[in-house]
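Working notes, beginning with the structure itself.
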Amino acid sequence: MDSVQSVQVEAKAVARFTWGQALAWALLAILILVTLFPLWVMIKTALTPARDLFEQATRLFPSQPTLLNFERVLGLLNLQQSQAAGGSGADINFLVAMRNSLLFTGLIVIFQTFFSALAAYAFARLRFPGRNLVFFLFLASTMIPGIVLFIPNFILIKNLGWLNTFQGMVAPFILMSPFAVFFLRQFFLSIPKELEEAAYLDGASPFYIFWRIILPITQTPLATLAILTSIAAWNEFFWPYIVAKSNGVQVLTVALQAFQTQIPQGSPDWTGLMAATFLAVIPVVILLVVLGRKVVESLQFSGIK
């Protein structure tokens, strides 16, 4: 009798656990759908013929999918063909803007990751007067809104004659950031000091230890920081918009904004804009899908919530 009751109790517990799991998965599915729905609307709009956009606004799927919008954005159609396909006549040099975004993002990721690693190693291992105070003040700078720094940075870049140049766009981001320094410092503090002490006994310099010992064993946090920095740099809009508006140095975010405001026939080219936006999102999505797990693991290890 007791065995039968225990089996029934276990069965009820399993049933409750199963229903709880089902509810959790259902809620998770709803959240995923809500999160991905704007992305699907963007894709649907990009695949919809420009002339049928408003007629099919309430449909979940385009009735006649087309790739003409992507061809127009990539410059595969001339002006007459673009307007015949329903375009507004707005123009965007997508390939040049993509190249500029890749260069802008690459420079920021390389230099900011390297300089942040240097600063983090100094705060984690080097002993100098006022180290903790300097680190506290460095972290306190994160409380300063970024918008406050735009005017003095713009005046400096203008006085240097760097408007409409890559160096003008990259300059405010090329050095270390407080978050990156704090993030890497957490990892450097977890490295056993015996490794560095052994290298010191062999006559290695601090920079040699940093370059040949510390960096190789912290590839995962460095990769994570590079991913986070690349996403932020790829989506940066306001600073490139105010210092580099010329077509030769426009990044994708600025080019998309300019494309939206070109209304030669009275209304924005929404289908072309969504096609260009979708192409611009692809690199970030690929980066997150391939390396997203490393980001989560590194953030959990560093204690950042």
Looking at G203 and the list (1) surrounded by 15 or more Cβ atoms within 10 Å (Cβ to Cβ); (2) farther than 18 Å from F111 by Cβ, which single condition is not satisfied? (1)
Which residue is modelled with the lowest pLDDT, if the candidates are limited to segment 241-260 and must be buried (at least 20 other Cβ atoms within 10 Å of the Cβ) and assigned to a loop (DSSP other than H, G, I, E, B)? A244
Looking at P178 and the list (1) more than 29 Å from L279 (Cβ to Cβ); (2) within 20 Å of the chain's Cα centre (by Cα); (3) without any contact (Cβ under 8 Å) to a residue 24 or more places away in the chain, which single condition is not satisfied? (3)
Condition first: β-branched (V, I, T), under 22 Å from the mean Cα position of the chain (by Cα) and part of a helix (DSSP H, G or I). Now tell me which residues in segment 115-147 satisfy that. T142, I147
Taking the stated definitions as given, is P268 in contact (Cβ under 8 Å) with a residue 24 or more places away in the chain, assigned to a loop (DSSP other than H, G, I, E, B) and of a type outside the set (D, E, K, R)? yes
Is it fair to say I282 is among the hydrophobic types (A, V, I, L, M, F, W, C) and surrounded by 16 or more Cβ atoms within 10 Å (Cβ to Cβ)? no
Only one of (1) at pLDDT below 85; (2) within 30 Å of M42 (Cβ to Cβ); (3) surrounded by fewer than 12 Cβ atoms within 10 Å (Cβ to Cβ) does not apply to M143, and that is (2)
Single unsatisfied condition, L195 versus (1) loosely packed, with under 14 Cβ neighbours inside 10 Å; (2) within 29 Å of Q250 (Cα to Cα): (2)
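The values are calculated or read from the model by the stated rules, or taken from the named source; none is laboratory data. These figures come from a predicted structure and were not determined experimentally. When we count neighbours, we look across all protein chains shown, and the Cβ atoms used for this are built from the backbone with ideal geometry, even at glycine.
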